[in-house]
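Let me begin by presenting the structure, written as structure tokens, before commenting on it.
The values are calculated or read from the model by the stated rules, or taken from the named source; none is laboratory data. Please read these numbers as outputs of a predicted model, since none were measured by experiment. Quick reminder, even Gly has a Cβ in these numbers, built from the backbone with ideal geometry, and neighbours come from all protein chains shown. These accessible areas exclude ligands, DNA and RNA; they are computed on the full protein's heavy atoms, side chains included. Shrake-Rupley method; radii C 1.70, N 1.55, O 1.52, S 1.80 Å.
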Amino acid sequence: MAGTHRHNIDSEISITYITTSRKLTAVAALGVTIGIAIYIFMNSMAAGFSRKSDASIFKNVPHIRVYKDDEISTPLSPATHSGSLPLIVNPRVIPESQKIINPDQVLALLKQQPEVVIATPQVGVDVFYNSGRTQIAGVASGVEIAEADKMFSISETIVEGSIQALKNTPNGMLVGVGVASKMSVKTGDNITITSSRNVTKVMKVVGMFKTSNSNTDKTKSYININSARQLKQESPSYVSDIDVNVKDYDHAPAYSQQLSFLTGYKAEDWKAANETLVAAGRMRTIMINFISLSILLVAGFGIYNILNMTINQKINEIAILKAMGFQGRDVVRIFVQQAMLIGGVGIIFGLLCCSTMIFFLSRVYVGGDIGYFPITYEPEMYARGILFGLIVTFFAGYFPARKAANVDPVSIFRK
Amino acid sequence: MQPEIILQADKIGKYFYDPEKFRVLNDISFQVNRGEFVTLVGKSGSGKSTLLYILSTMDTDYDGLLTIQGERITGQQQQRLAALRNEKIGFVFQFHYLLPEFSCLRNVMIPALRLGKYSRKEIEERAYAKLKMLGLEDQALKLSAKLSGGQQQRVAIARALINDPLIIMGDEPTGNLDSKNTGIVFDILKDLAHHDQQTIVAVTHDNDFAQKSDRTIELQDGQVISTRKLY
Ligand SMILES: Nc1ncnc2c1ncn2[C@@H]1O[C@H](COP(=O)(O)OP(=O)(O)OP(=O)(O)O)[C@@H](O)[C@H]1O
Ligand SMILES: [Mg+2]
């Protein structure tokens with residue numbers, strides 16, 4: 001009986017069709033090459049951009065900020081016992097509600113979490129920098145400078161002085177270059193600041209920093225956390241926020257819920273704190289995905305066209321194959337395989353092509369605080385490119401192949 | 001000894017609906033025995049090709065009953081019919097329908113590779129033997145597109161024979177051949193029938209060809225007017 005030997009005659013036919021129409025095959029494969037290269041390249045570029053823009057967010061914002069949310073006094077105090085009357089008051093923020101009551105415990109708890117990389121206390125103070133009669137409003141950020149540096153890479157922005165100097169100087173201060181030039185101070189000078197609690201302190205400028213954001217440079221300064229506590233007239237354990245960095249910042253929203261539950265304080269992740277930026281990033285990703293997928297789809301149409309043409313040319317051969325006992329699924333296999341081989345070759349060259357483009361672009365220096373063009377080989381984009389490439393070529397082959405499989409040999413032989 | 005019935009048509013009828021409903025085949029009944037060389041004749045448009053496509057299992061849209069070697073064909077799944085054609089039926093048409101990108105040898109091998117009864121090496125040897133039988137051993141490795149019309153037709157016959165089919169069906173298999181080649185093909189078919197006990201059913205317009213066959217079935221306006229016209 002039939003079928004004791006398995007000969008892969010379907011593949012033999014599809015390979016012969018490919019090798020005998022090299023030019024057509026090459027054109028179709030080239031379409032896929034370009035489609036795949038552009039797809040991976042654009043998406044890698046987008047990934048590089050978002051990483052860069054996330055990185056610039058994380059120069060100012062921690063992955064998660066743990067703080068005490070303002071509490072509003074309840075406007076209605078219901079009657080406590082019969083005979084007494086309910087009390088109505090104007091709702092307002094309860095004073096002293098902004099602090100974390102047991103900061104050391106909360107900090108220790110946060111540091112125990114396996115996904116937490118850094119947890120550091122912070123006291124922000126609204127201040128005026130005084131220079132003669134001019135006052136500049138700004139923010140002094142009271143930090144544990146070594147930890148804050150790990151978190152926000154402050155040392156990368158230092159243009160004069162050093163992080164270490166702040167650590168060694170209890171009333172030291174790192175100021176933004178904008179603040180420094182307005183106050184016309186340089187490293188080593190003294191500067192008087194007044195806090196919103198009306199405490200005035202003389203600080204010593206131990207360094208200057210310059211970020212990519214000139215507004216930050218014109219308002220911000222770093223001081224030791226204890227100076228900040230004094231400016232706020234608070235106890236030596238006072239902490240207003242705890243900044244937390246986690247291992248995977250993409251999962252910050254999930255962790256922030258955990259941390260909030262764990263500590264009982266509000267934990268706000270960077271995505272929630274930067275909704276507009278995050279939404280803009282998402283929009284960019286969607287747009288690039290959309291455009292690059294369209295290009296891939298066009299490449300798919302190239303294969304579709306060439307297969308359709310082949311099938312129309314070979315309709316007689318398909319008819320005789322079916323007459324000789326090839327099943328519909330054999331015919332589908334012949335042409336889908338042909339499409340997949342064309343697509344496969346196209347994909348391989350596409351990968352080479354986009355790797356070359358990424359290689360050269362990643363060595364282009366664009367300057368600013370961006371430095372080299374932010375693009376790297378993104379394994380995820382490669383995987384997605386290959387996957388979508390295969391899916392597109394499969395369907396580009398499948399639809400014409402199904403048409404071929406449904407050819408009625410009798411109608412062909414009658415012609 | 002009772003002859004084995006290979007092909008049996010029982011009241012086969014068919015309609016065409018385009019441009020209007022008309023009956024092409026009308027209650028066609030006959031049978032063909034093993035080793036018989038039968039020709040189908042009749043005027044142009046009498047329904048010979050239509051009947052042959054039904055007998056070959058490619059056309060399934062008909063009334064009546066078709067049986068091949070005792071197996072009921074009518075109503076079978078396409079998949080089973082394809083397998084049956086692969087194993088039991090060889091086709092030769094007026095046009096050769098070879099795959100032009102393949103050598104003659106590989107063209108002949110295709111149905112056998114599909115069937116998978118023999119190893120590739122055996123198939124190659126068998127294909128070569130069939131080509132030799134048809135006087136084409138020198139052409140085996142040429143692309144089929146590079147051969148003359150008569151040679152191509154003989155390659156197509158070799159391909160029809162590769163699986164040692166039970167039935168060889170031809171629609172004017174010698175229609176494009178000169179008298180010398182027609183003679184060669186006729187002798188080969190006759191030998192297959194009488195020597196190898198293969199059954200031949202061939203449509204022909206060639207009176208001489210029909211006369212030399214074992215039996216002639218004549219159609220007229222979709223009806224059999226004679227099933228045992230013996231010359
Ligand atoms: N697909 C079709 N639709 C409608 N009518 C058809 C179709 N195919 C064939 N016919 C008609 O059916 C009749 C029989 O055709 P068929 O091809 O079987 O004739 P034939 O005997 O083989 O003729 P010839 O000797 O010229 O090949 C003819 O009248 C033809 O016009
Ligand atoms: Mg005909």
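Brief remarks on what is shown
- Residue within the stretch A:336-357 that is within 14 Å of chain B (Cβ to nearest Cβ), more than 15 Å from A:I386 (Cα to Cα) and open to solvent by less than 10 Å² (accessible area, probe 1.4 Å) present: yes
- Against the conditions (1) more than 16 Å from A:I154 (Cα to Cα); (2) open to solvent by less than 30 Å² (accessible area, probe 1.4 Å); (3) touching a helix residue (DSSP H, G or I) at 6+ places or on another chain (Cβ under 7 Å), A:L231 satisfies every one except (3).
- Unmet criterion (only one of (1) of a type in the set (S, T, Y); (2) out of contact with any strand residue (DSSP E or B) (no Cβ under 8 Å at 6 or more places or on another chain); (3) in the same structural domain as A:F152 (by TED's automatic domain parsing)) for A:S260: (2)
- Apart from one condition, A:V331 fits all of (1) surrounded by fewer than 21 Cβ atoms within 10 Å (Cβ to Cβ); (2) among the β-branched types (V, I, T); (3) within 14 Å of chain B (Cβ to nearest Cβ); the exception is (1).
- Just one of the listed residues (B:E36, B:E20) is away from ligand 1 (no atom under 12 Å from the Cβ) and either farther than 26 Å from A:L321 by Cα or crowded, with 23+ Cβ neighbours inside 10 Å (or both), namely B:E36.
- Filtered residue count, the stretch A:264-305, keeping only those that are of a type in the set (V, I, T) and closer than 23 Å to A:N245 by Cα: 2
- The residues listed here are B:I12, B:I54, B:I5; of these, the one that is away from chain A (no Cβ under 12 Å), open to solvent by less than 30 Å² (accessible area, probe 1.4 Å) and either among the aliphatic types (A, V, I, L, M) or near ligand 1 (Cβ under 9 Å from one of its atoms) (or both) is B:I12.
- Wholly within the stretch A:150-229, helices (runs of 4 or more DSSP H) carrying at least 2 residues that are touching a residue at least 60 places away in the same chain (Cβ under 8 Å): A:214-219
- The residue that is farthest from A:Y249 (Cα to Cα), among those in the stretch A:131-140 that are surrounded by fewer than 20 Cβ atoms within 10 Å (Cβ to Cβ) and at pLDDT 90 or above, is A:A137.
Okay, residues lined up against (1) within 20 Å of the chain's Cα centre (by Cα); (2) closer than 23 Å to A:N8 by Cβ:
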site	(1), (2)
B:F102	no, yes
B:L113	yes, yes
B:K117	no, yes
B:K121	no, yes
B:L143	no, yes
B:D164	yes, yes
B:K180	no, no
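- When residues of the stretch A:364-415 are limited to those that are surrounded by fewer than 16 Cβ atoms within 10 Å (Cβ to Cβ) and within 16 Å of ligand 1 (Cβ to nearest atom), the one nearest to the chain's Cα centre (by Cα): A:D408
- Inter-residue pairs, beta-carbon under 6 Å, first facing chain A (nearest Cβ under 10 Å) and in the stretch B:58-87, second among the hydroxyl-bearing types (S, T, Y), 6+ apart: B:D59/B:Y53; B:L81/B:T57; B:R85/B:T57
- The residues of the stretch B:95-119 that are within 18 Å of A:G325 (Cβ to Cβ) and facing another protein chain (nearest Cβ under 7 Å), listed by number, are B:Y97, B:L99, B:F102, B:I110, B:P111, B:L113, B:R114, B:L115, B:G116, B:K117, B:Y118.
Condition check ((1) modelled with pLDDT under 95; (2) away from ligand 1 (no atom under 16 Å from the Cβ)) across all residues:
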| residue | (1), (2) |
| --- | --- |
| B:E125 | no, yes |
| B:M133 | yes, yes |
| B:A140 | yes, yes |
| B:L147 | yes, yes |
| B:A160 | no, yes |
| B:D196 | yes, yes |
| B:D214 | yes, yes |
| B:I225 | yes, no |
| B:K229 | yes, yes |
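- Wholly enclosed helices (runs of 4 or more DSSP H) of the stretch B:136-231 bearing at least 3 residues open to solvent by 70 Å² or more (accessible area, probe 1.4 Å): B:179-196, B:207-212
- Helices (runs of 4 or more DSSP H) within the stretch B:12-126 that include 2 or more residues within 16 Å of ligand 2 (Cβ to nearest atom) and within 30 Å of B:K190 (Cβ to Cβ): B:48-55
- Some residue of the stretch A:300-317 being within 28 Å of the chain's Cα centre (by Cα), more than 14 Å from every other protein chain (Cβ to nearest Cβ) and open to solvent by 60 Å² or more (accessible area, probe 1.4 Å): no
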